[in-house]
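As structure tokens, the structure follows; a few thoughts come after it.
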Amino acid sequence: MPMHRIPLFCLAVLATMAMASAAMAKPQPARVSQADIIKNAAPGDWRRLDPDNTLVMELQGKPVIIELAPRFAPQHVANIRILTREGFYTGIGVVRVQDNYVTQWADPYDEDKDKAKPLGSARASLPAEFSIAYKGLPLSHFKDADGWAPVSGFVDGMPVAADPAKNKAWIAHCYGVVGAARGNPLDSSNGTSLYAIIGQAPRALDLNITVVGRVVKGMDVLASLPRGPGAMGFYEKPEQAIPITRARMLADIPVGEQPAIEILRTDTPTWTALVEASRHAIGGWSVHSALHSNICNRSVPTRDIPKSTP
């Protein structure tokens, strides 16, 4: 390089370094913690459960509350309502607890024609409801890559993955999601046997099973049951099943006895801020921010309904 150009080159380097230093020195916007975002959420950021689409089971003296997803599985949800109201779930039990996978409940005598519970007016088989149309879906998008689908986010409080090119969207198998067990035929699920994910999200199940909702309260109950000793976590004898003492639709529970909880909406700026906050480490302990979040590590907050709320 000619000697007379060196000073100009050095000046350019120094100027670049100065600009970089200034950028680094520029104060970064203050981050708000997830806890503070939830604490400061406005009343309109919360919603109550739909009584006609909420299943409340009692297991070991504790409630397990499942929010159903009629947008994604309307026929299965309709059948679950019938099964609930006609008493099918009351008295059946948990027949399978496979570590880091699922807790499943069903009639433990379903293979014994003499002892199996009748379905009543519920349908014995339903068409597969693995996905719905993506177009027009009110999805609150996640900015980070999902790994299992081109697009992901939340709809109605449900973790949803989607493939716009195929016009498909589906509820992802995240922790707490509830699906309808089936055999080999695609139309062999009817809601008489349901399962909840109790471990790391088995996303390979996506688009293979109908998902009917998610547990909003009671995962501590489902995830802490004794693991089944049999293959795939099944209990080996019908009498080992852990009974569901009662199952009701929320709409059928007297108002004074209804669980009083609210769910944070997933279609508001507060939700968007909460998701963004989960991408950043805040506080003295954390030294690294992942700058990434996905639908299966972002749970939807719940809270007890304030007593002053009518």
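The values are calculated or read from the model by the stated rules, or taken from the named source; none is laboratory data. Everything numeric here is computed off the predicted structure, so don't read it as measured data. Glycine gets a Cβ as well: all are built from the backbone with ideal geometry, and neighbour counts include every protein chain shown.
The rows are residues; the columns are (1) in contact with a helix residue (DSSP H, G or I) (Cβ under 8 Å, 6 or more places away or on another chain); (2) more than 30 Å from Pro118 (Cβ to Cβ); (3) touching a residue at least 40 places away in the same chain (Cβ under 8 Å); (4) not acidic (Asp, Glu).
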position: Gly153; (1), (2), (3), (4): no, yes, yes, yes
position: Gly157; (1), (2), (3), (4): no, yes, yes, yes
position: Asn167; (1), (2), (3), (4): no, yes, no, yes
position: Tyr175; (1), (2), (3), (4): yes, yes, yes, yes
position: Ser193; (1), (2), (3), (4): no, no, yes, yes
Query raised in the report: Based on what the data block shows, is Arg47 surrounded by fewer than 21 Cβ atoms within 10 Å (Cβ to Cβ), touching a residue at least 24 places away in the same chain (Cβ under 8 Å) and in a loop (DSSP other than H, G, I, E, B)?
Result: no
Requested in this report: Determine which member of the set Asp144, Asp114 is more than 28 Å from the chain's Cα centre (by Cα), of a type in the set (D, E, K, R), part of a loop (DSSP other than H, G, I, E, B) and over 19 Å from Val178 (Cα atoms).
Outcome: Asp114
Query raised in the report: Is the range 210-217 home to any residue that is of a type outside the set (Gly, Ala, Ser), farther than 25 Å from Ile82 by Cβ and touching a residue at least 60 places away in the same chain (Cβ under 8 Å)?
Result: no
Requested in this report: Check whether at least one residue in the range 148-170 is among the charged types (D, E, K, R), in a loop (DSSP other than H, G, I, E, B) and under 12 Å from the mean Cα position of the chain (by Cα), and report yes or no.
Outcome: yes
**Report entry** Checklist (1) loosely packed, with under 14 Cβ neighbours inside 10 Å; (2) modelled with pLDDT of 95 or more applied to Arg81, failing item
**Finding:** (1)
Query raised in the report: Residue check: is Ala124 farther than 17 Å from Ile171 by Cα and either loosely packed, with under 15 Cβ neighbours inside 10 Å or among the basic types (Lys, Arg) (or both)?
Result: yes
Requested in this report: Name the residue, out of Pro127, Pro138, Pro108, that is under 17 Å from His76 (Cβ atoms), in a loop (DSSP other than H, G, I, E, B), over 16 Å from the mean Cα position of the chain (by Cα) and of a type outside the set (Val, Ile, Thr).
Outcome: Pro127
Query raised in the report: Counting residues that are touching a residue at least 24 places away in the same chain (Cβ under 8 Å) and surrounded by fewer than 11 Cβ atoms within 10 Å (Cβ to Cβ), which strands (runs of 3 or more DSSP E) fully inside the range 228-310 reach at least 1?
Result: 302-304
Requested in this report: Could you tell me whether any residue of the range 271-280 is of a type in the set (Lys, Arg) and over 23 Å from the mean Cα position of the chain (by Cα)?
Outcome: no
Query - Residue pairs meeting the criteria (Cβ under 6 Å; at least 6 apart or on separate chains; first more than 28 Å from Leu225 (Cα to Cα), in the range 62-80; second among the hydrophobic types (A, V, I, L, M, F, W, C)) - result: Pro70/Val77; Phe72/Ile132; Phe72/Ile171; Gln75/Leu126
Query raised in the report: With Asn184, Asn190, Asn208 as the choices, which residue is in contact with a Lys or Arg (Cβ under 8 Å, 6 or more places away or on another chain) and either surrounded by 21 or more Cβ atoms within 10 Å (Cβ to Cβ) or of a type in the set (S, T, N, Q) (or both)?
Result: Asn190
Requested in this report: Would you point out the residue of the range 88-119, among those that are farther than 19 Å from Gln240 by Cβ and touching a residue at least 60 places away in the same chain (Cβ under 8 Å), that is surrounded by the most Cβ atoms within 10 Å (Cβ to Cβ)?
Outcome: Phe88
Query raised in the report: Just wondering, is there one or more residues in the range 252-270 that are touching a helix residue (DSSP H, G or I) at 6+ places or on another chain (Cβ under 8 Å) and small (Gly, Ala, Ser)?
Result: no
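Residues are listed down the side, and each one gets a yes or a no for (1) over 21 Å from Arg47 (Cβ atoms); (2) charged (D, E, K, R); (3) out of contact with any Pro (no Cβ under 9 Å at 6 or more places or on another chain):
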residue: Asp146; (1), (2), (3): yes, yes, yes
residue: Ser152; (1), (2), (3): yes, no, no
residue: Pro159; (1), (2), (3): no, no, yes
residue: Ile171; (1), (2), (3): no, no, no
residue: Pro185; (1), (2), (3): yes, no, yes
residue: Asn208; (1), (2), (3): yes, no, yes
residue: Val215; (1), (2), (3): no, no, yes
residue: Gly218; (1), (2), (3): no, no, no
residue: Pro226; (1), (2), (3): yes, no, yes
Query - Enumeration of residues in the range 122-168 that are in contact with a His (Cβ under 8 Å, 6 or more places away or on another chain) and of a type in the set (D, E, K, R) - result: Glu129, Asp144
